[in-house]
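Here's the structure we're looking at; comments come further down.
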Amino acid sequence: MTSKELTFIRKDLNPIISHCHDDWNTLHTLVIIRNYDPQLLVHCINTEKYVRQILEHLGKTDEELCMAALLHDIGKIYLSNSILHKPGKLDSVERTTVNMHSYYGYTYLKNKGFSKRICEYVLYHHGRKNEWNDLVPAQSVELEYNTDILRAADIYDAMTSDRPYRKAASRNIAFSVLEKEHIKENIISSLTYETA
């Protein structure tokens, strides 16, 4: 772990740790993510911050959604690092493998006793509702809207951060991708209030 990553995690994880200091299940899951890939933990922390920002701008609160954002990529611990950090494009088999991480995360969190709603948010955080509908029917309009908040935060951080296969994109490009993903305008506009 670089000193920059360590400083980031100390600064941004401290409020989260103090918020869930007696929730050993959450803290243990965060340690697992950090041990697997410190940069993945940074992404999860960023995603949680963006979800809180969107909710605040919309005048909403949803602690389960924030928790799901913090843990949304736990399923990636079941993926090979060679796939997760591949410098080039993924082939179709690798892409299918990566797409399974939301289901792996759902299963992990369900087995650890996290709430049904947190598990559902993680399962649907990429919006592939038809893939998982037989397992966990997504019939709630609120579930769909809130998973779009999580999906927007996830995509936005992924797009605006450096990755092994590409440099960070500009915020405008990220907003353009969110529009193509059919994310609602009020969710996208909530991200424009980001402070430097």
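The values are calculated or read from the model by the stated rules, or taken from the named source; none is laboratory data. Since this is a predicted model, take the numbers as computed values, not measurements. A quick note on method: Cβ atoms are made from the backbone with ideal geometry, for glycine too, and the neighbour counts reach across all protein chains shown. The protein model used for the area step is the full one, side chains on, heavy atoms only, and it has no ligands, DNA or RNA in it. Shrake-Rupley method; radii C 1.70, N 1.55, O 1.52, S 1.80 Å.
Considering only residues that are among the basic types (Lys, Arg) and touching a helix residue (DSSP H, G or I) at 6+ places or on another chain (Cβ under 8 Å), look in segment 32-84 and name the one that is modelled with the lowest pLDDT.
ARG34
Helices (runs of 4 or more DSSP H) wholly in segment 59-109 with at least 1 residues that are touching a residue at least 40 places away in the same chain (Cβ under 8 Å) and open to solvent by less than 20 Å² (accessible area, probe 1.4 Å) - which ones? Steps first, answer last, please.
Details: elements: 63-71, 81-84, 92-99.
Per the criteria, 63-71.
If ALA153 meets every condition in (1) assigned to a helix (DSSP H, G or I); (2) of a type in the set (A, V, I, L, M); (3) under 18 Å from CYS44 (Cβ atoms); (4) at pLDDT below 95 apart from one, which number is that one?
That leaves (4) as the condition not met.
Mind checking whether some residue in segment 40-58 is under 22 Å from THR107 (Cα atoms), surrounded by fewer than 16 Cβ atoms within 10 Å (Cβ to Cβ) and more than 14 Å from the chain's Cα centre (by Cα)?
No, the conditions are met nowhere in segment 40-58.
Within segment 181-188, identify whether any single residue is at pLDDT 90 or above, open to solvent by 30 Å² or more (accessible area, probe 1.4 Å) and among the polar types (S, T, N, Q), and answer yes or no.
yes
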